[in-house]
Amino acid sequence: MDQTARVDVAGCLGCDLLTGRRALPGGVVHETRSWVVNHVVGPMNLGTLIVGPRAHVVSVADLPDDAVAEMGPLLRDTARVVEEICRPEQTYVCLWSHAPGARRHLHIAVQPVTAELVARYGGLRSEQLQARMMASGEEPDPGEVERFCAEARRVFTTLRRC
């Protein structure tokens, strides 16, 4: 990992959520030594989970070896949780770490995509669907997020631990 990387950067959404400086609807769903899984915060659909490093890492190239070793099994297990609960036609796994002018806290979205969701956004798919969702400002109901996260925690307990 880049030796200048810090564990916690105030003002970073990922760091602020993990340290409790900002509310995290649904709380932490699952965690490993290097990663935390929680529901997305913002205008994405219910069931979209975020897999993010505990440390303020902004690039896959900067991930320490132990985080890399955990990443594959954790992404697979997170996708299995999303698929079991949401039964989507497709599950997207997308890495995001950009913002205007600078890299941001690395996070990987594991998003259930149903035919209904695609139809609601005019047939868009992939990054076009995600961009339209982000621009819509429509966020899932906090109560539904809480219920989803409780179910996701239950399903994670049935899977092999990372």
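The values are calculated or read from the model by the stated rules, or taken from the named source; none is laboratory data. All values reported here derive from a predicted model rather than from experimental measurement. Ideal geometry is used to build each Cβ from the backbone, glycine not excepted, and the neighbour counts take in all protein chains shown. Side chains are part of the model used for accessible areas, which takes the heavy atoms of the whole protein and leaves out ligands, DNA and RNA. Shrake-Rupley method; radii C 1.70, N 1.55, O 1.52, S 1.80 Å.
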Answer residue from region 83-101, given it is out of contact with any strand residue (DSSP E or B) (no Cβ under 9 Å at 6 or more places or on another chain) and either at pLDDT below 95 or open to solvent by less than 40 Å² (accessible area, probe 1.4 Å) (or both) and is nearest to N38 (Cα to Cα) among those:
A99
Exclusive hit being open to solvent by 30 Å² or more (accessible area, probe 1.4 Å), at pLDDT below 95 and either among the hydrophobic types (A, V, I, L, M, F, W, C) or in contact with a Leu (Cβ under 9 Å, 6 or more places away or on another chain) (or both), set R80, R104:
R104
So which residues in region 4-34 are closer than 28 Å to R154 by Cβ and touching a residue at least 60 places away in the same chain (Cβ under 8 Å)?
L13, G14, C15, P25, G26, G27, V29, H30, T32
Looking only at region 46-69, count every residue that is closer than 13 Å to I108 by Cβ and open to solvent by 40 Å² or more (accessible area, probe 1.4 Å) and tell me the total.
2
When region 20-37 is checked residue by residue, the ones that are in a loop (DSSP other than H, G, I, E, B) and either at pLDDT below 95 or of a type outside the set (V, I, T) (or both) are G20, R21, R22, A23, L24, P25, G26, G27, R33, S34
Within region 12-45, restricting attention to residues that are of a type in the set (S, T, N, Q) and open to solvent by less than 50 Å² (accessible area, probe 1.4 Å), which residue is nearest to A131 (Cα to Cα)?
N45
Taking only pairs six or more apart or across chains, which ones have beta-carbon atoms under 6 Å, a first residue in region 78-98 that is under 17 Å from A115 (Cβ atoms), and a second residue that is surrounded by fewer than 13 Cβ atoms within 10 Å (Cβ to Cβ) and of a type in the set (A, V, I, L, M, F, W, C)?
E89/A115
Looking only at region 114-162, count every residue that is open to solvent by 80 Å² or more (accessible area, probe 1.4 Å) and β-branched (V, I, T) and tell me the total.
2
For E116, only one of the following conditions fails: (1) in a loop (DSSP other than H, G, I, E, B); (2) charged (D, E, K, R); (3) farther than 22 Å from D16 by Cβ. What is its number?
(1)
Condition (residue is in contact with an Asp or Glu (Cβ under 6 Å, 6 or more places away or on another chain) and either polar (S, T, N, Q) or on the phi > 0 side of the Ramachandran plot (or both)) applied to region 98-113: is it met by at least one residue?
no
Unmet requirement for Q111, which otherwise passes all of (1) assigned to a strand (DSSP E or B); (2) open to solvent by 40 Å² or more (accessible area, probe 1.4 Å):
(2)
